[in-house]
Amino acid sequence: MGSTGGLPLTATETRIYRLGENHSFGASGHRFAYLPSGAIFEVDEAAGEVVDRLREGDAAHNELIDRLITSGLSVADAEELLGELRQARAVVAPDAPPDIVADPPADFPLQSMVMNLTNQCNLSCTYCYEFGEDKVATPEGKPKFMDLETAKRSVEMLLEQSDGRPGIHITFFGGETLMNFPLLKNVVEYANMRVTQQGRTVDYSLTTNATLLTPEIVQFLSDNRIGVTVSMDGPPELHDKLRVFSNGKGSYDIVAAKVKMLIAGHKTRPIVARVTLTAGVTDVIRIYRHLKEELGFHEVGFAPVTTAPDRLYAIGESGMDGVLAQFKELSQEWQSYAIRGEMHGFTNVSDTIAELIQGVNKSHPCGAGLGLVGVGPSGDIAPCHRFVDSDQHALGNVTTGIDREKQSAFLNRGHIRGKYDCHTCFARPLCAGGCHHEAFVRYGDTGHANLHFCDWIRDWTDTCLHIYGSLAAENPGFLLQFAERKAT
């Protein structure tokens with residue numbers, strides 16, 4: 001291929017390439033690359049020849065083809081491989097711009113709604129983003145409990161704005177969701193009737209502190225296949241640090257008893273726990289062991305508290321380093337289980353692996369204001385449940401519909417194209433700059449990249465990529481079950 005017999009070289013033959021942006025990693029003796037598109041491919045020996053040459057600097061098309069022919073490929077196979085690498089943007093022109101995901105369609109339909117049945121709660125958790133020092137809600141003068149008419153309008157809006165989707169999802173939220181359980185029952189009955197009329201489906205979930213559960217409520221949740229996430233922060237001395245009643249008394253004893261009843265009585269969906277990590281509540285492994293192995297939760301997921309950095313319950317940098325070390329320890333357990341074909345129960349790994357296998361490449365950190373909205377007791381529409389009842393972030397009302405200008409402004413502000421610090425970060429397909437609410441609390445701007453989490457996110461993404469690679473090499477069939485998993 002190097003000799004042209006005196007003929008002039010074509011434009012293709014003289015084309016110059018550089019190595020495209022990628023994150024290289026190895027696992028179980030195999031070599032992989034993670035691309036800004038969200039794709040992961042195994043770098044075989046032939047592709048490795050191209051990658052290794054381009055690591056040394058730019059190279060011409062002909063030089064790379066010659067190198068592949070020398071390594072044993074035919075001319076046709078060499079051209080095909082280089083074409084595949086170009087298409088994947090593993091190799092690009094020297095002046096190629098960053099690979100930033102495009103806008104979602106302008107008519108992107110809703111799929112999910114978080115229905116805040118009440119803004120009231122029977123606990124007084126110190127770190128609560130709805131009632132604590134970092135709250136953005138402005139509920140004054142608005143109803144404390146959603147009524148049936150507002151709930152029905154909310155369902156109708158979701159059905160109308162999800163046109164074309166075969167199924168919708170409703171998450172019940174609060175405050176404490178079960179303080180308005182009669183309305184929840186009515187909504188389920190109404191939504192079931194309406195989707196049946198339209199030949200569609202509806203799936204439900206709720207988040208609760210579990211204190212108000214009764215056998216009758218558990219039976220209803222089971223009968224209607226309603227997924228349940230319990231907010232619980234570990235064993236008594238950790239859970240009771242901040243998850244307290246208004247008189248300061250810890251809630252653990254009540255919650256633990258209710259959880260056991262819930263797990264025993266809810267037969268149709270697995271029960272999961274969500275842990276909020278705060279200063280002094282960062283013993284991840286101990287919390288996981290207690291909730292998973294002692295109380296019997298199906299899965300346990302962890303999230304650092306959303307807070308301004310000067311709050312007493314904020315986790316400092318050293319604390320987050322300790323959290324990451326424990327995450328890695330649990331992730332190795334997860335990997336060992338998975339190679340044996342068993343589920344482990346550490347949600348943070350499961351959710352990330354699901355996004356990796358689905359090839360997620362986010363324009364925005366999450367579905368807030370895009371495929372998902374939150375609705376408050378007043379019927380005000382918010383980008384998600386964390387912004388419910390905030391006048392500053394309202395996107396309309398269920399009586400008048402979504403304000404498209406406000407929705408567009410929110411989404412434009414949160415798009416990764418405006419987060420220039422993210423444009424060279426290999427983790428951006430999964431992160432896209434981080435939670436809008438976290439950004440607002442920290443920086444006063446929903447579109448600001450969460451720069452305080454960058455190193456942490458990169459390290460965690462790399463950890464999960466290594467797990468993905470190990471499974472792809474040793475038990476690829478196990479990965480298939482994550483192809484349609486949604487993050488909890």
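The values are calculated or read from the model by the stated rules, or taken from the named source; none is laboratory data. Keep in mind it's a predicted model, so treat the numbers as computed, not measured. Cβ coordinates were reconstructed from backbone atoms using ideal geometry, including for glycine residues, and neighbour counts include every protein chain displayed. Just so you know, the surface numbers come from the protein's heavy atoms only, side chains and all, with ligands and any DNA or RNA stripped out. Shrake-Rupley method; radii C 1.70, N 1.55, O 1.52, S 1.80 Å.
As a length-normalised measure over Cα pairs under 8 Å and 6 or more apart, the relative contact order of region 195-326 settles at 23 percent. Take the Cα of Val360, go 7 Å toward its beta carbon, and the backbone nitrogen atoms of region 448-488 under 11 Å from that spot belong to 485-488. Per residue, the average separation of C-alpha pairs within less than 8 Å and at least 6 apart gives the chain a relative contact order of 17 percent.
When the helices of the chain are scored as -39500 (n - 2.57) per DSSP H run of n ≥ 4 and the total is divided over every residue, the value at 222 nm lands at -11500 deg cm²/dmol. Computed from Cα atoms alone, the Kirkwood hydrodynamic radius reported for region 343-434 is 14.6 Å.
In this simple spin-label model, placing a label point 7 Å from the Cα along the Cα-to-Cβ direction at both Asn224 and Val75 gives a separation of 6.9 nm. Projecting label points 7 angstrom from Cα along Cα→Cβ for Glu333 and Glu63 puts them 5.1 nm apart. For region 282-415, the alpha-carbon coordinates run over 52, 38, 29 Å along the three principal axes, in decreasing order. Diffusion coefficient of the chain by Stokes-Einstein, Kirkwood radius over Cα pairs, 10 °C, 1.306 mPa s: 65 µm²/s.
Taking 0.36 nm per residue of separation and subtracting the Cα-Cα distance, full extension of the segment from Asn412 to Thr214 would add 66.9 nm.
Place the peptides 277-285, 170-178, 99-107 in order of packing, highest mean first, counting for every residue the other Cβ atoms within 10 Å and averaging per peptide.
Listed from highest to lowest mean packing, they are 170-178, 277-285, 99-107.
Accessible surface area normalised per residue over region 79-210 is 46 Å², counting heavy atoms of protein chains with a 1.4 Å rolling probe. As a fraction of the 1.4 Å probe accessible area of the chain, surface on carbon and sulfur atoms comes out at 51 percent.
So what's region 82-121 giving for Cα Rg divided by 2.2 N^0.38 Å, two decimals? If you can, show how the numbers build up before the last one.
Details: Rg = 20.6 Å, N = 40, 2.2 N^0.38 = 8.9 Å.
This ratio for region 82-121 stands at 2.30.
Under a Cβ-only charge scheme (Lys and Arg +1, Asp and Glu -1), can you give me the dipole magnitude of the chain about the Cα centre, in debye to the nearest 20? With only Lys, Arg, Asp and Glu charged at Cβ, the dipole is about 1300 debye.
A simple spin-label model places the labels of Leu451 and Ser246 4.2 nm from each other, with each point 7 Å out along Cα-to-Cβ. In the chain, taking the dipole from charged Cβ atoms about the Cα centre, the farthest positive-side position among Thr461, Ser318, Phe173 is held by Phe173. Take 195-201, 382-388 and order them by the average number of nearby Cβ atoms within 10 Å per residue, most first; the result is 382-388, 195-201. Each listed q (0.12, 0.19 Å⁻¹) maps to a log10 I(q)/I(0) for region 331-488 from the Debye sum over equal C-alpha point scatterers, namely -0.60, -1.11. How many times 2.2 N^0.38 Å is the alpha carbon radius of gyration of region 294-346? Dividing the Cα radius of gyration by 2.2 N^0.38 Å gives 1.44. In terms of overall dimensions, region 188-277 has a Cα radius of gyration and Dmax of 15.4, 50 angstrom. Mean projected area of the convex hull spanned by the Cα atoms of region 318-371, taken over all viewing directions: 5.3 nm². Each Cα pair under 8 Å and six or more residues apart adds its separation to the average, and for region 251-330 the resulting relative contact order is 34 percent. Full extension of the chain segment joining Arg286 with Ala257 gains 8.5 nm, where the gain is 0.36 nm per residue of separation less the Cα-Cα distance. Calculated FRET efficiency, Tyr420 and Ser124, Cβ-Cβ r, R0 51 Å, to nearest 0.05? The formula returns an efficiency of 0.80 here. In the structure displayed, which of Lys292/Lys486; Lys142/Lys406; Lys258/Lys362; Lys152/Lys362; Lys267/Lys328 lie more than 26 Å apart, Cα to Cα? As for pairs spanning more than 26 Å Cα to Cα, those are Lys258/Lys362; Lys152/Lys362; Lys267/Lys328.
Full extension of the chain between Asp52 and Asp103 yields a length gain of 15.0 nm, computed as 0.36 nm times the residue separation minus the alpha carbon distance.
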